[in-house]
Amino acid sequence: MAPSNPNPPLNRAAGAHSLNPRDTLREPVPAPSRPTDARQVPGFQVDWLESLEQIAAIEIEWRELEARVTSRMAFGSFDYLFPWYRHSPHSQGAPLVGVARRNGHVVGIAPLARRDATLGRIPLRRIDSAGHDGEVGEILFPPDEGAAFESLLESLFERGGFDAAILTGVAPGTWLHQAVRSAALRGRRSLGEIDYRYATIDLHQGFDAYVQDLSSKKRGNLRRRQKRADSMGGTSLDRIHRPVDRATLGRYLDRIFRLYERSWKAADGMAIQDYHRNFYADVAERFNARSMLDLSILQVGGRDAAFILGLRERETFYDVTISYDEEFASVSPGMLLIQEVARRISAEGVRLLVSHGDREYKRAWASNWVPQTRETIFAPGLKPALARFARFEYPKLASFVRGLTSRPAATTIEIP
């Protein structure tokens, strides 16, 4: 469930639900021929919360659970997910938080969201991990509460009202992976899996050791980018990594939003939306108050060129969002920024940098790629079956047919 890290403060991350070139489909797991008995957990109950007021009411219990689940990421914290629920539009999902209790005490939380969305181009009533649009997903259960998590999934199945549930950020071979499979099989639910990964920078041996472990080609590329930036006036870093007053934080946020508006996303018609601004501002304020915000702006020739909004917890830095001004694309300012941030946080005791999303540009600086799966649990019915076929079976069938049609035609020899 965690990347290779002797002091892991995190579990795993998630990706978007559309395939990119390095996503791979696994063989769907069929439903069993007959049901098996559900596991009984004495004194156990599940509550399903569907409003901000209900979620706010469990803030203290959520925070207490955070302290016990050391294998989570910062993206599973109340201060990240409550703003996500508060500011996300309905298209991203309505709140659905499963709270597992034993004898009245919270033992686990599953932050989910209900929404209408397609899968394999089939419109479905879906349940997704909260934060899915940021390519993250968290299940807040300690490893010794696998039976409780399975019971929560069984409660979700009994509750119904959905065609497919997609749980992101499940590491292969972990207790969570096994619990999802076990609950799906007992509930006679078909299960599809998509493998993906996220990037990390390993700083356990320090920044210099990390750089030396990069290939000579990557190191040379970084030097060329830096030399080009130096010819444009050099680089500097403007950074918040200790609490600041609200006015100062607001000025930094205004700067990163302006950078976002000059990014390739804005050029492609994907300008930052108000709910994104409100979400990032809310998260920044909350983590600034906890001394966990790390916001850096790279300047080239004295002008803002790139930013990264990050969170720090224990010995890990989490990349929340990063972008750059297209005008500086020739120097790859995002690449230079991530290197300078890694240099500084390594000197301050951070041992791992986590960056979600399997993106091509990260291959230039990533130390490792951590494998994950998206677990897709299908409800019974025609539409879920069609979506399962379209998403998991059809790609294999189409690939097989393409293989047949691409074979060389047989040579015909005419004999007189």
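Considering only the other residues whose Cβ falls under 12 Å of the Cβ of ASP202, what net charge follows from Lys and Arg at +1 and Asp and Glu at -1?
Net of charged neighbours comes to -1.
Neighbour counts of other Cβ atoms within 10 Å put SER346, SER367 in the fewest-to-most order SER367, SER346.
Annotation for the range 75-100 versus the range 314-380: alpha-carbon center distance of 23 Å.
Listed by chain and number, the lysines whose alpha-carbon sits under 25 Å from that of LYS362, ignoring those within fewer than 8 places in the same chain, are LYS217, LYS218, LYS227, LYS265.
In summary, the lysines within cross-link reach of LYS396, defined as a Cα separation below 24 angstrom excluding same-chain residues under 8 places away, comprise LYS383.
Taking amide hydrogens as placed 1.01 Å from N in the peptide plane, the amide H of VAL320 sits under 5 Å from those of LEU309, GLY310, LEU311, each at least 5 positions away in sequence or on another chain. Considering the range 264-412, its Cα convex hull presents a mean projected area of 16.3 nm².
Working from the alpha-carbon coordinates of the range 205-350, get Rg over Rh, Rh being the Kirkwood radius. Could the numbers behind the result be given before it?
Numbers: Rg = 15.4 Å, Rh = 15.9 Å.
So for the range 205-350, dividing Rg by the Kirkwood Rh gives 0.97.
What base-10 log of the normalised intensity I(q)/I(0) is obtained for the range 256-314 from the Debye formula, alpha carbons as equal point scatterers, at q = 0.23, 0.29 Å⁻¹? Taking Cα atoms of the range 256-314 as identical point scatterers yields -1.00, -1.16.
Kindly state, to the nearest 0.05, the FRET efficiency for SER231 paired with TRP264, given R0 = 22 Å and r defined as their beta-carbon distance. The pair SER231/TRP264 has a calculated efficiency of 0.45.
With n ≥ 4 as the cut-off for DSSP H runs, can you work out [θ] at 222 nm for the chain, using -39500 (n - 2.57) per run divided by the number of residues, rounded to the nearest 500?
Numbers: 13 runs with 145 residues, N = 416.
Counting only the DSSP helices, I get -10500 deg cm²/dmol.
Other residues lying with their Cβ under 12 Å from the Cβ of PRO89 contribute a combined charge of 0, Lys and Arg counting +1, Asp and Glu -1. Springs between Cα atoms under 10 Å define the GNM used for the chain, and in it the highest mean-square fluctuation of LEU397, LEU96, LEU259 occurs at LEU397.
Counting beta carbons within 10 Å around each of THR376, THR235 and listing the fewest first gives the order THR235, THR376. For all pairs of alpha-carbon atoms in the chain, what percent lies in each bin of width 20 Å, listed from the first bin to the last filled one? Over the chain, the share of Cα pairs per 20 Å bin runs 25, 54, 19, 2, 0 percent.
Please give the net charge around ARG125, taking every other residue with its beta carbon less than 10 angstrom from that of ARG125, where Lys and Arg add +1 and Asp and Glu add -1. Net charge around ARG125: +2.
Readers should treat all values here as calculations from the given coordinates under stated rules, not as data from a laboratory. Nothing here was measured: the structure is a model prediction, and the numbers come from that model. Glycine gets a Cβ as well: all are built from the backbone with ideal geometry, and neighbour counts include every protein chain shown.
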